[in-house]
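So the structure is just underneath, and the comments pick up after that.
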Amino acid sequence: MTTMAHPSTTTAGGLAALCLLTACAGYTPTPLPDTAALDAAASAEPDATPSERESDTGTVQTKWGPLSELDRDLVRKVRLASLWEMPMAQDAIQRGEAARVRQISREIAAQHHTLDGQVRDVAGKLRITLPVKPTDQQQAWMTDISGRSGQAYDATYVKWLRLAHGQIFGVIGTVRGTTQNTLIRRFSEQANAAVLNHQRLLESTGLTTPESFPTPPS
């Protein structure tokens with residue numbers, strides 16, 4: 001996937017800006033579940049075979065078929081998407097200038113909540129270690145969005161979310177076409193449906209620009 005340039009900022013500043021702006025708006029996004037507690041609970045589930053517990057890298061055999069690095073990469077990327085897109089969608093429900101932006105954000109936030117539950121289920125069964133915070137790039141996107149208001153807020157929100165969805169969409173297709181793991185295959189279809197729908201919702205705002213789309217592979 002192509003890495004896009006993003007605003008230069010600090011992680012702490014970005015998250016502080018988001019918290020300050022949402023507080024000023026009289027709205028607090030619904031917090032994500034306690035990741036440490038849930039991940040610890042998932043690690044205690046007896047679904048994995050001994051070979052699955054031995055390594056979180058390389059290809060291992062599971063009762064659902066081989067689990068590859070690319071399979072794990074998809075699960076982690078979908079988790080990362082929810083870690084920043086869910087709170088930003090919740091923020092946009094309150095701060096979006098256009099009614100359409102607020103409307104689609106309700107759908108995106110709700111669907112990411114469902115998708116995150118599916119991620120946790122798959123990760124618990126396959127012993128995949130999940131990230132617990134957004135990447136530096138994703139936090140920079142959050143800062144860029146939360147630092148704006150009015151139409152600029154809407155445009156920046158749509159730009160970064162559509163770009164991120166376009167990037168992961170290609171990964172989903174590759175995994176669905178190559179994975180031999182039946183659990184991952186089903187999960188990739190669930191992720192595909194959600195991400196495709198989110199792209200359509202974001203495009204329906206009429207705010208996408210050339211910057212909203214990843215650069216096609218050469």
> What is the spin-label model distance, in nm, from A99 to S218 if the labels are put 7 Å beyond Cα along the C-beta direction?
Replying inline: 4.7 nm
> Carbon and sulfur atoms: what percent of the 1.4 Å accessible area of region 116-212 do they account for?
Replying inline: 49 percent
> Residues with beta-carbon under 11 Å from that of D91, excluding D91: net charge, scoring Lys, Arg +1 and Asp, Glu -1?
Replying inline: +1
> Where does region 65-218 land on Rg/Rh, using Cα atoms and the Kirkwood Rh?
Replying inline: 0.98
> Among residues other than A155 whose Cβ falls under 14 Å from its Cβ, what is the net charge (Lys/Arg +1, Asp/Glu -1)?
Replying inline: 0
> Rounded to the nearest 0.05, what FRET efficiency is calculated for D136 and Q180 with R0 set to 30 Å and r the Cβ-Cβ distance?
Replying inline: 0.35
> Stretch D73-E107 to full length: gain in nm at 0.36 nm per residue minus the Cα-Cα span?
Replying inline: 9.7 nm
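The values are calculated or read from the model by the stated rules, or taken from the named source; none is laboratory data. Keep in mind that this is a model prediction, so the values were computed, not measured. Reconstructed Cβ throughout: ideal geometry from the backbone, glycine too, with neighbour counts over all protein chains shown. Areas reflect the complete protein model, heavy atoms only, side chains present, ligands, DNA and RNA absent. Shrake-Rupley method; radii C 1.70, N 1.55, O 1.52, S 1.80 Å.
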